[in-house]
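Before anything else, here's the structure in question.
The values are calculated or read from the model by the stated rules, or taken from the named source; none is laboratory data. What you see is a predicted model, and the numbers here were worked out from it, not measured in a lab. Glycine also receives a Cβ, built like all others from the backbone with ideal geometry; neighbour counts cover every protein chain displayed. Remember, those area values only see protein heavy atoms, side chains included, never the ligands or the DNA or RNA. Shrake-Rupley method; radii C 1.70, N 1.55, O 1.52, S 1.80 Å.
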Amino acid sequence: MMNGLRMQALRLLCIACCLTCGIGVSWMFPDRGFAHPHVFVDATVDFVFENGGLAGMKVHWTFDPMASSQYLTDLDINGDGTLTAEEWASQRDDIAVFLAEERFFLHVAVNGQSVFIPSIRDFVATFENGKLEYSFFAPLAAENGSDVIVAVFDPSYYTDFQIAEESFRFSGRSEGISYTLDDAPELAFYEGQIIPLAARVHF
């Protein structure tokens, strides 16, 4: 049963999804030799501050229309073309478990030390206007005076998380924050061929 759930999560979350000619899907045994992005996700990260320190990040993903349509066939249990709260609730926890194994695609360091985020909360999926969207809160505690680096990427490079400077936001604090979005060669992935962008935040 768990193997079946894991395969479904793999398919839903684009990790090993290879769309071929718009007809078939080969996702069980991906070949890295032919890997390139098959799914595109627009991501935003909102740094949430409480009591002067960082409390965590509100993360939002919007899947491209082709991937959204494909994944809806799995999420839409009754096949009526919509995603209800009940349908999502029945699958949410299994998908969250798989995402945890993938670090929620959040690569984080606080004061130079890599941080693993073990769990998320408020995990919601919606399907509207032909697009699947995920949102969740990732707890990340950091005291005032910290340096935080965050990059969003899939090391397998099956999913391309697209992110820009305006994709990083700040809630609960308006002063005393310095922020840049730069290439992060120290986080290069896919055998060092891809260099992600990383937000570097000091507060």
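Give the residues of the range 162-176 that are open to solvent by 50 Å² or more (accessible area, probe 1.4 Å) and either free of Cβ contacts under 8 Å to residues at least 24 places away in the same chain or not basic (Lys, Arg) (or both), sorted by residue number.
Selection gives Gln162, Glu165, Glu166, Phe170, Gly172, Ser174, Glu175, Gly176.
Restricting to the range 51-96, and then to whatever is more than 29 Å from Ile177 (Cα to Cα) and under 13 Å from the mean Cα position of the chain (by Cα), can you tell me which residue is most open to solvent (accessible area, probe 1.4 Å)?
Taking the candidates together, the pick is Ala96.
In the set Tyr158, Tyr134, which member is farther than 17 Å from Phe49 by Cβ and touching a His at 6+ places or on another chain (Cβ under 6 Å)?
Numbers: Tyr134 fails: touching a His at 6+ places or on another chain (Cβ under 6 Å).
Of the residues listed, the single one that is farther than 17 Å from Phe49 by Cβ and touching a His at 6+ places or on another chain (Cβ under 6 Å) is Tyr158.
While we're looking at this one, here's another question. Taking only pairs six or more apart or across chains, which ones have beta-carbon atoms under 6 Å, a first residue in the range 188-203 that is over 16 Å from Ala142 (Cβ atoms), and a second residue that is among the β-branched types (Val, Ile, Thr) and open to solvent by 70 Å² or more (accessible area, probe 1.4 Å)?
Pairs that qualify, where the first residue is over 16 Å from Ala142 (Cβ atoms) and the partner is among the β-branched types (Val, Ile, Thr) and open to solvent by 70 Å² or more (accessible area, probe 1.4 Å), are Ala188/Ile195.
Quick one: count up the residues across the range 34-50 that are touching a helix residue (DSSP H, G or I) at 6+ places or on another chain (Cβ under 9 Å) and either open to solvent by 40 Å² or more (accessible area, probe 1.4 Å) or at positive phi (or both).
Counting residues in the range 34-50 that are touching a helix residue (DSSP H, G or I) at 6+ places or on another chain (Cβ under 9 Å) and either open to solvent by 40 Å² or more (accessible area, probe 1.4 Å) or at positive phi (or both) gives 2.
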